[in-house]
4 protein chains.
Amino acid sequence: MSETLPGAVATPSALRRHKPVAPVRAARDAKRTEASILAAATEEFARHGLGGARVDRIALRARSNKRMLYYYFGSKDALFLAVLENAYAGIRRAEEGLNLLNTDPVDGVRRLIEFTWQFFANHPEFLALLNSENLHEARHLKRSRQIRGMNSPLIETLAVLLRRGQRSGEFRSKVDPLQLYISIAGLSYFYLSNSHTLSTVFGRDLFSAPQRKARLEHMVALVLGYLTLPG
Amino acid sequence: MSETLPGAVATPSALRRHKPVAPVRAARDAKRTEASILAAATEEFARHGLGGARVDRIALRARSNKRMLYYYFGSKDALFLAVLENAYAGIRRAEEGLNLLNTDPVDGVRRLIEFTWQFFANHPEFLALLNSENLHEARHLKRSRQIRGMNSPLIETLAVLLRRGQRSGEFRSKVDPLQLYISIAGLSYFYLSNSHTLSTVFGRDLFSAPQRKARLEHMVALVLGYLTLPG
Amino acid sequence: MSETLPGAVATPSALRRHKPVAPVRAARDAKRTEASILAAATEEFARHGLGGARVDRIALRARSNKRMLYYYFGSKDALFLAVLENAYAGIRRAEEGLNLLNTDPVDGVRRLIEFTWQFFANHPEFLALLNSENLHEARHLKRSRQIRGMNSPLIETLAVLLRRGQRSGEFRSKVDPLQLYISIAGLSYFYLSNSHTLSTVFGRDLFSAPQRKARLEHMVALVLGYLTLPG
Amino acid sequence: MSETLPGAVATPSALRRHKPVAPVRAARDAKRTEASILAAATEEFARHGLGGARVDRIALRARSNKRMLYYYFGSKDALFLAVLENAYAGIRRAEEGLNLLNTDPVDGVRRLIEFTWQFFANHPEFLALLNSENLHEARHLKRSRQIRGMNSPLIETLAVLLRRGQRSGEFRSKVDPLQLYISIAGLSYFYLSNSHTLSTVFGRDLFSAPQRKARLEHMVALVLGYLTLPG
DNA sequence: TATGAATGAGAATTCATTCAT
DNA sequence: TATGAATGAATTCTCATTCAT
């Protein structure tokens, strides 16, 4: 469940430390401006969606200027794509931090579920951005060379774990790793992304810690209950 | 998997029934106007989200006029709520059409999964509307007497099936029906709602018929594999 | 030299007289609004060119609202085209008021020159609009069904006069009516349209009444001196 | 018709000549920068007018940078004036290349017409700039010491030719050289500057070589037909 | 019940210009 | 001399909503 917390904006804290030598200054300010716009945009898009996001608010929150937003990103849509790319970069970086290839298969799958749950829980903006992008039929992503086809490494990890578990007789066979990965993601995603309507309709506060703990346990039980063979 | 096709336009007013006599003509037109606005709004909100939806387009698509929209619904937000309520009414009506209480537990769960998948697949606008509402933290739904706490009957159905399956020794015990229901919904929801980004990122067309068939099979196997006990 | 003064906006004075009966009101206001926007736009575009014209100023000058401008005309460019079409309609209407077909050829040509001069002098906005449109390579006009190929009736008039003058031995032969028409227009146009730079560079006030009178005389002498044969 | 190709970029600084020694390199680059900005501005202003011209595009096209533009010229308006002055310098230089004082009057007038036509045809940007400046009521030119009252030498040339022709009995008397000069310029100017609208409205391609040839012949016939006396 | 006209506030985007280095 | 970064004020255009009839 170690999740290296990538944050939407590539480690602004690393930049803040102090102002080192002179000539570096200009470049650093530019980067900082760009990064702060990206961070502000991430929050704004996540909170209001693409259509509801306001360029003015982004500039304000970035303590920058609307003009700079266009200077660095070109348009609202281009900025949205940059935000998406940054978000994907964040989860990929976190995924790379996981190392499950040498773990026990059962334990590996459990940790993979936990990681996914934790990442989604810690990054509600990621879910919101994906929802927005799907509303727009992934038209931004389709244009992105950076992301198109940028498969998650977790699928390969899962494939390895499944193979190892099958060989040892612990896991059932004929499980498609991609389908299982989508299931694992979906089990967390839906609960977290739709908590507001679910809580309202069911009259249960799904945000509470006990409920969340129960959810994680249920998901682990569900997936492992399916995968593992008796005996 | 019978799903009575509620359609977005299912005119809630039709349920209220009044004035079936003389001045029918005008009243009918009024209902028709209201219904066509609701239908147009459903499509617009589903396609563009709340922030991206345009009142003008709704009036145009309804072959009506903006003023009427305000006359019948009061505001864009109120119209959005009406659309949501109508959508929930639609799924509830469909759910009521299912009768699984007397089926074999295994079969009942399978059919419940199939129903959910089918409904979501046939009603992408429902998923889109829920996403929008969650983006807005369910603030419309929370105001709706009609929906707040309007639990799905499927949860009770599922509880019955689980109990029967447990008693017969087919199903494992200690399964929370709500958690399981959320899982079943999430397995379908995520796949369908996020198909655009998933297809783009994984380079596989998740919309294709074979892929969808495989998905349904996987979900059934997953849930029943978890629930059913060996022997 | 009678020139029925078409005015850029179809006789607003006719509309102002008084507010007659009730039901006519709405329609009339709409027309009035549209007309006042057109008039204001004519002045703005003539004074500042297409690029320099300001939509805000047009709305202000029309005592209307920016939104109305878009409501009636759709865009700044479409408004510019409407202004152009209206201006062309104005000159065509004025041209139709001339009736030179039965005049003496010499007199007819003289009056045609005088008419052209007078119209251009009374309608500096027409010259300015044409200059703007030429700067933009007539891209608006090319899209206009109303104007494309809407030949001036004066060319046919000129052709008739030339033929009659040639037959009577007064005029030289082999004169292309279109070339001559362009020359007559150009002689007035350049003087009036470029008065500011010409006056500045030559240090002579070409706007003064005597200078203008001299100009008209010169043009008549030039054209008739060319056309008429000795004897 | 020799026209010494002044070119918009003719670097007025080149006339000033200084520092032809050691630090030449930097100085040369400076001149080159200034000249390339001037050239780029000429094209931009000619193409889009003063209001439609963009400082960014000028800097880009000059392969320089916006700051330099302000460094050398001070403001957009001042740059426009510099462009105008450069353009006038261009035509004056070309006019000085003509030497018609000793030619036969008829031939001299013909060549003067041809020169004017040719220069305008080769320098559409000059016409466009003059149109812009007239739109702005010559406010830039009026401020320019360099140009105010900088009469064209052609007027004096024309006066000489007219006098010689009158004395020899070839030309009619009482012809104002300035009026005639304006006529000659106007005959070319209007045709060339308004080709786009004229071609569109008349449905004839006035840009074609045969049409242009016919135009030049018509203008020469018109002016000489007017000037020359029979016998 | 229906509709065309109207509007003010605000939306994204662009502009000429200046600052810091 | 040169340049990238920055900005405030505009600019075109749009939005949800209301008025008058």
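Only the coordinates and a few stated rules stand behind these numbers; no lab work does. This structure is a prediction, so every number in the text was calculated from the model and none was measured. Neighbour counts run over all protein chains shown; Cβ positions are idealised from the backbone, glycine included.
Annotation: lysines with alpha-carbon distance below 20 angstrom to A:K76 (same-chain offsets under eight excluded): A:K31, A:K66, A:K142. Tell me whether segment C:108-231 comes out rounded, prolate or oblate; compute the Cα gyration tensor, take square roots of the eigenvalues as a ≥ b ≥ c, and use a/c under 1.5 as the rounded threshold. Oblate, since a/c reaches 1.5 and b/c is not below a/b. Take B:D107, move 7 Å from Cα toward the beta carbon, and the resulting point lies 4.5, 10.8, 11.4 nm from the same point in each other copy, nearest first.
Which three numbers, in whole Å and largest first, are the semi-axes of the equivalent ellipsoid of segment B:67-141 derived from its Cα gyration tensor as √(5λ)? Don't skip to the end; give the middle numbers.
Working: eigenvalues 202, 34, 19 Å².
Values for segment B:67-141, descending: 32, 13, 10 Å.
If R0 equals 35 Å, the separation of the Cβ atoms of A:N151 and B:R143 corresponds to a calculated FRET efficiency of about 0.25.
Using just its DSSP H runs of length 4 or more, each adding -39500 (n - 2.57), chain D gives a mean residue ellipticity at 222 nm of -23000 deg cm²/dmol after division by all residues. Legend: Rg and Dmax of chain D, from Cα coordinates, 20.2, 68 Å. Selection among A:A159, A:L81, A:P210 by position relative to the dipole of segment A:12-227 gives A:L81 as farthest towards the positive end (Cβ unit charges, Cα centre).
Site pair D:Y71 and C:S75 shows an inter-label distance of 3.9 nm when each label is modelled 7 Å from Cα along Cα→Cβ. Distances from C:K66 to itself in the other copies, using label points 7 Å out along the Cα-Cβ axis, amount to 1.0, 1.6, 2.2 nm in increasing order.
Would you mind pulling out the separation of the Cα centroids of segment A:156-231 and segment D:154-231, in Å? Result: 89 Å between the Cα centres.
Before anything else, pin down the relative contact order of segment D:78-231: Cα pairs under 8 Å, at least 6 apart, normalised by residue count, whole percent.
On the way: 104 pairs, mean separation 46.9, N = 154.
Here the relative contact order equals 30 percent.
Note on segment C:89-136 and segment A:44-68: Cα centroid distance 55 Å, given to the nearest whole angstrom.
Screening chain D for DSSP H helices whose Cα atoms reach 20 Å or more along their own axis and whose mean Kyte hydropathy is at least -1.0 gives D:24-52, D:76-97, D:105-122, D:153-167, D:177-193, D:209-227. Peptides B:198-207, A:169-178, A:77-86 ranked from most to least packed by the mean count of surrounding Cβ atoms within 10 Å: A:77-86, B:198-207, A:169-178.
Comparing B:I155, B:I182, B:I113 in a Gaussian network model of chain B, where Cα atoms under 10 Å apart are tied by springs, the biggest mean-square fluctuation is seen for B:I182.
For C:G149, the label point sits 7 Å beyond Cα toward Cβ; its separations from the matching points on the remaining copies run 5.1, 5.4, 7.4 nm, from shortest to longest. For C:R47, D:R148, the sequence from fewest to most other C-beta atoms within 10 Å is D:R148, C:R47.
For a test of the definition: using alpha carbon positions, the gyration tensor, and the 1.5 limit on a/c, classify the protein assembly as shown as rounded, prolate or oblate. Taking the square roots of the gyration eigenvalues as a ≥ b ≥ c, the protein assembly as shown is prolate. Note on C:K213: lysines with a C-alpha under 18 Å away, same-chain residues under 8 apart excluded, are D:K174.
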